[in-house]
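In what follows, a single structure is set out as structure tokens and then discussed.
The values are calculated or read from the model by the stated rules, or taken from the named source; none is laboratory data. As the structure is a computational prediction, the values presented were derived from the model and not from experiment. Here Cβ is always computed from backbone atoms with ideal geometry, including for glycine, and neighbour counts include all displayed protein chains. Note: accessible area is taken over every heavy atom of the protein model, side chains too, but ligands, DNA and RNA are not part of it. Shrake-Rupley method; radii C 1.70, N 1.55, O 1.52, S 1.80 Å.
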Amino acid sequence: MSTGLIIALIVIVAVVVAVAAVLTLRARGPRHGASLKRRFGPEYERAVARHDGDAKAAERELSERVERHGSLQVRPLEPAERERYEARWTAAQERFVDAPREAVAEADRLIAELAGTRGFPAGGQYEEQVAALSVHHAHHVEGYRRVHRVAQAHPDGAHEGAAGTEDMREAMVEARALFEELVRPSRHDGGHRAAGERTAAPATRRDGHRAPSLLHRRQTKES
């Protein structure tokens, strides 16, 4: 076989391989996008909006997040740790009635600290921490973003009007969903189920009565 014929065969094989690769990627594209959409839910739509409707760019970003943080091993909480975090969140909710700004700031700090304790990037790396949380808690991470924005919005402590207070209340309520996800025992936490289930129910006071919800306490205060 001549050298020219060998070179021609090599070129043909290379072209066939390249075409096959392109066709494979095109075939996988929609399925890959659908998989990311299922995994990230509202976070997928948020990423697309951030990229001005460019779904491919959004999917590249989300895929990179999965590559960086998908294998992250979440550390279980000890029962005593869980109880301390739950007590601090309950205290922040109760504080909201008289000091909403301080309560929101505490909620922001608390989620950052809890996420760090569970093995996510430390709170000092906010953007990276949020990216990691979005991979494992995509349906609730926006609550953390919202409470963080509200907590950082008025660092000078300026007076908040009624609308600002309502924004803070809504941020607290939305952020609680992520807090509960992070504080709740997982299947691999050794079965401390009873302690985790308390987070899903309203807090209980020492006298045995259930504490009113954050919204109920706020409405009672204002009436």
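Does ARG65 meet the test of being assigned to a helix (DSSP H, G or I) and more than 19 Å from ALA138 (Cα to Cα)? For ARG65, the condition - assigned to a helix (DSSP H, G or I) and more than 19 Å from ALA138 (Cα to Cα) - is not met.
The residues of the stretch 55-76 that are open to solvent by 60 Å² or more (accessible area, probe 1.4 Å) and charged (D, E, K, R), listed by number, are LYS56, ARG60, GLU64, GLU67, ARG68, ARG75. Here is the figure for the stretch 81-107: residues that are assigned to a helix (DSSP H, G or I) and open to solvent by 30 Å² or more (accessible area, probe 1.4 Å) total 12. A single entry from GLU180, GLU170 fulfils the requirement of being surrounded by fewer than 21 Cβ atoms within 10 Å (Cβ to Cβ) and either outside any helix (DSSP H, G or I) or at pLDDT below 95 (or both): GLU170.
Rundown of residues vs (1) more than 15 Å from ARG176 (Cβ to Cβ); (2) free of Cβ contacts under 8 Å to residues at least 24 places away in the same chain; (3) hydrophobic (A, V, I, L, M, F, W, C), yes/no style:
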| site | (1), (2), (3) |
| --- | --- |
| ARG84 | yes, yes, no |
| ARG88 | no, yes, no |
| GLN93 | no, no, no |
| PHE96 | no, no, yes |
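Might you check whether a residue that is touching a Ser or Thr at 6+ places or on another chain (Cβ under 8 Å), β-branched (Val, Ile, Thr) and under 15 Å from ALA175 (Cβ atoms) occurs anywhere in the stretch 96-116? No, because not a single residue in the stretch 96-116 is touching a Ser or Thr at 6+ places or on another chain (Cβ under 8 Å), β-branched (Val, Ile, Thr) and under 15 Å from ALA175 (Cβ atoms).
Applying the set (1) outside any helix (DSSP H, G or I); (2) within 15 Å of TRP89 (Cβ to Cβ) to ALA138 leaves exactly one unmet item: (2).
For the stretch 40-54, a residue qualifies if it is within 14 Å of ALA131 (Cβ to Cβ) and open to solvent by 100 Å² or more (accessible area, probe 1.4 Å), and exactly one does: ARG50.
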